[in-house]
1. Pairs needed: first member in segment 43-55, of a type in the set (D, E, K, R); second member anywhere, open to solvent by less than 90 Å² (accessible area, probe 1.4 Å) and in a loop (DSSP other than H, G, I, E, B); C-beta distance under 7 Å; at least 6 residues apart or different chains.
2. Quick one: which helices (runs of 4 or more DSSP H) lie wholly within the chain and hold at least 3 residues that are open to solvent by less than 100 Å² (accessible area, probe 1.4 Å) and at pLDDT 95 or above?
Amino acid sequence: MKTQSKYLDEINRLLADYLLEIEKSDLKPLSAQVYQVQSKNFVRWINGEFTPGEVKKSKRLLKENPGANS
């Protein structure tokens, strides 16, 4: 998915605000990290820079075909 830049600017501003809220919260570090990573991935997805499950799929393919990347 690719979002128009006029919307993406506002989304990035809101993401920055959200990340600050997470930092100021009393969440445990691992919980805070999950909130941060997932929200960043969502913004990357709407900008066409992320595909859910892509890393997991790549690791699985490498495990199935270890010599394919040499």
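The values are calculated or read from the model by the stated rules, or taken from the named source; none is laboratory data. Keep in mind that what you see is a predicted model, and the values were worked out from it rather than measured. In this analysis, Cβ positions are derived from the backbone assuming ideal geometry, glycine residues included, and neighbour counts consider all displayed protein chains. Areas reflect the complete protein model, heavy atoms only, side chains present, ligands, DNA and RNA absent. Shrake-Rupley method; radii C 1.70, N 1.55, O 1.52, S 1.80 Å.
1. R44/F50
2. Numbers: elements: 5-24, 29-46, 54-64.
Output list reads 5-24, 29-46.
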